[in-house]
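Worksheet: the structure to be examined is printed underneath.
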Amino acid sequence: MQSSQTTDFDAIVVGAGFAGVALTHYLREAGLSLRVFDRAPDIGGTWAWNKYPGAATDSEGYYYCLTFSKEVLEEWTWSKRYPGWEETQNYLRFVADKFDMWPHLQFNTEITRAEYQADRGIWIVTTGDGATHTCRFFISGMGMISQPQIPNIPGQTTFKGPCFHSSRWPEGLEFAGKRVGIIGAGATTVQMLPEVAKTAASVTVFQRTPNFVMPAMQKPMTPEWEKEIKENYQEIIDKCRNHVFGMGFNPPSGRTVAESTPEEVQQVFEENWHGSFRWVFETFDDLLATPEANKAAADFIIEKMIKAKVEDPETAELLTPKGYPLFAKRPPLDHGYYEAFNRDNVKLVDIKDYEPIVEITETGVRTTQNHHEFDIIVLATGFKAYTGALEAMDIVGEGGQILRDKWQDQSSSIMGVAVAGYPNFFMVTGPQAPFANLPTSIEQNAQWISECVKKMNAEGKQVFYPSATAEEEWTNLTAEIHAQTMMAEGDKVNSWMMGANREDRKARVLIFFGGAHVYYDKLKESSDAGFPELAFADTAA
Ligand code: NAP
């Protein structure tokens, strides 16, 4: 059964990034009509918004991609190890061109409301201009780190120059010769600072919590490397599918810090110091499992990255993370961040202990100790991860409950793809999905969704109702696993991985930390078993 006679589309998808592109492929293959809406003016999702200087992937490009087309894997060439935002956006354009996806994509269109119609088993979706569209399946592909977290600093609107969130970098903004203030010191600032500092008159970074920053070791793609990748793509895809974070890394080494001598530990750390997150996963298997192993890794990073690179001891000390384990906050990758602090035009301000921010003024930032004058202020203050984009619109389920309200205290879901009380509603990488190499997770989710709708159409089912019991079981499992990991310490340091960075909500378990590969297995088991987490009905209730 398909409802294209009674609804405008079989599926409406929100978000034209990796998720929107993957869903377009898999849902079209399942025979659905669909429209993908995005408020951005172009394809890209994260890569249509995050255009700040230095924005690039932290996964290596050759596995930060979609794998449904062998031709695309063969034809597309990445220019470097970590492609910048433009190249990643061009990659998505290439995929959309090749598979004629553009007719499905509608830009500059914000979705403000989606309301389930219980009597008809359909959704009515409203856009920012008040227009409405109907569909059978409403699907979020909005990305897990997309809704900006704007800090509540007094005086923000009084600043005379540009003051904006890092993901809303104004097109063509000239910062050469300007005095730039950056509030926040997360992954975005780590990428942005080295680029901005090259030509700005001055850059001041306001830091509350320092991060463990690991080396990226950017390098160009060479013909030999590309040949090797393309000859081994199936193996790379399999590695991603079977990796704890969905990355194209080798399987566990079988080594542990606990069973190695200090000399062996240093030697293995040193020999594997080639950049990217692979260092964490290919050295020892207990780095994220025991405090002792984690500390050994943390000390090594501090020594190699901060003590060896930052010349001023006071600045080095301020940049050194303390009191929380490696990975309790998501570690950024370094493209010259620490070296930037050796420049005369770069300053670090400790807003945690020494001089907290009091307000933004017409001409700069006032702290308890100083007034810092700027021409430009960047709020690199992060995102309302996992749930923020879903909470920003009214998603109204059975009985009129808005999803934002359901998630007031706990962001429950079934495997991050469905929510009890929200029939015929799917999410790609929603809350309680793993945090992983996103294209890998996105494709696994898109496949689960397309298998589900194929089954419904084959069996003449109009509606699925996600089970409250399945949701409770998944939520409990996610919480149990979370409590056993060192990521649980993220609430001490405002980690977005627990929503602990938000000023409007309390921290909660947002991520399934049982391993992305385990999660992908569970999705497969679910679809093989006929989706036991969902109750299917021939007609709407
Ligand atoms: P973030 O890691 O959450 O960092 C936000 C920064 O702003 C933190 O230093 C935070 O301090 C600070 N901050 C927040 N509110 C503040 C306030 N009211 N006053 C002062 N400081 C405040 O955000 P992000 O750097 O945008 O990165 C978020 C995530 O996006 C990353 O972890 C990553 O997953 C993703 N990302 C990926 C890439 C990539 O893959 N290439 C690049 C950029 C971002 P506290 O730490 O003390 O809260």
Net +/- balance of residues flanking Glu459 in space, Cβ distance below 15 Å, scoring K and R +1, D and E -1: +2
With angles folded into 0 to 90 degrees, how steeply does helix 438-459 sit against the dominant principal axis of the chain? Use alpha carbons for both and round to 10. 10
Scan around Asp394 for amide H atoms under 5 Å from its own, H built in the peptide plane at 1.01 Å from N, and keep only partners 5 or more places away or cross-chain. Arg113, Ala114
Carbon plus sulfur fraction of accessible area for segment 340-479, probe 1.4 Å, in percent: 42
Glu472 accessible area, 1.4 Å probe, all protein chains in place, Å² to nearest 10: 120
With Cβ to Cβ distances under 15 Å as the rule, what net charge do the other residues near Thr361 carry (K, R +1; D, E -1)? -2
Measure nothing fancy, just the Cα-based angle from helix 187-199's long axis to the longest principal axis of the chain, in degrees from 0 to 90, nearest 10. 50
Options Phe206, Gln117, Thr134, ranked by Cα towards positive dipole end of segment 112-236, top entry (Cβ charges): Phe206
Principal axis lengths of segment 220-297 from Cα atoms, whole Å, largest first? 39, 24, 16
Rule-of-thumb check for segment 436-541: C-alpha Rg over 2.2 N^0.38 Å? 1.28
Computed accessible area, His482, all protein chains, 1.4 angstrom probe, square angstrom: 10
Dipole size in debye (nearest 20) for segment 437-476 around its Cα centre, Lys and Arg Cβ +1, Asp and Glu Cβ -1? 220
Short version: what are the Cα gyration tensor semi-axes of segment 342-436, square root of 5 times each eigenvalue, largest first, in whole Å? 42, 16, 12
In debye, nearest 20: dipole of segment 110-237 around its Cα centre with unit charges on the Cβ of K, R (+) and D, E (-)? 540
Could you work out the Kirkwood radius for segment 156-211, taking every pair of different alpha carbons, averaging 1/r and inverting it, reported in Å? 12.1
In order through segment 319-332: 3J(HN,Hα) via Karplus (6.51 cos²θ - 1.76 cosθ + 1.60), integer Hz, x for Gly, Pro: 7, 7, x, 9, x, 8, x, 4, 5, 5, 10, 5, x, x
So how much slack lies between Glu259 and Glu362, counting 0.36 nm per residue of separation and subtracting their Cα-Cα distance, in nm? 31.3 nm
Could you tell me the largest-minus-smallest coordinate of the C-alpha atoms of segment 380-490 on each of the three principal axes, in descending order and whole angstroms? 47, 32, 31
In the chain, taking the dipole from +1 charges on Lys and Arg beta carbons and -1 charges on Asp and Glu beta carbons about the Cα centre, the listed residue (Asn50, Ser467, Ser411) farthest towards the positive end is Asn50
Computed P(r) (all Cα pairs; the chain; 20 Å bins; percent): 21, 55, 23, 1
Ratio to report: Rg/Rh of segment 96-226, with Cα atoms as the point set and Rh obtained by the Kirkwood method; give two decimals. 1.08
If we count every other residue with Cβ under 9 angstrom of Pro53's Cβ, Lys/Arg +1 and Asp/Glu -1, where does the sum land? +1
For the chain, what is the charge dipole size about the Cα centre, in debye to the nearest 20, if Lys and Arg each add +1 at the Cβ and Asp and Glu each add -1 at the Cβ? 880
By the mean-Cβ-within-10 Å protection proxy, highest first, 462-468, 44-50, 251-257, 170-176 rank as 44-50, 462-468, 251-257, 170-176
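The values are calculated or read from the model by the stated rules, or taken from the named source; none is laboratory data. Computed from a predicted model, the values in this text were never measured in an experiment. Backbone-built Cβ (ideal geometry, glycine too); neighbour counts: all protein chains shown. With ligands, DNA and RNA removed, areas are computed over all heavy atoms of the protein, side chains included. Shrake-Rupley method; radii C 1.70, N 1.55, O 1.52, S 1.80 Å.
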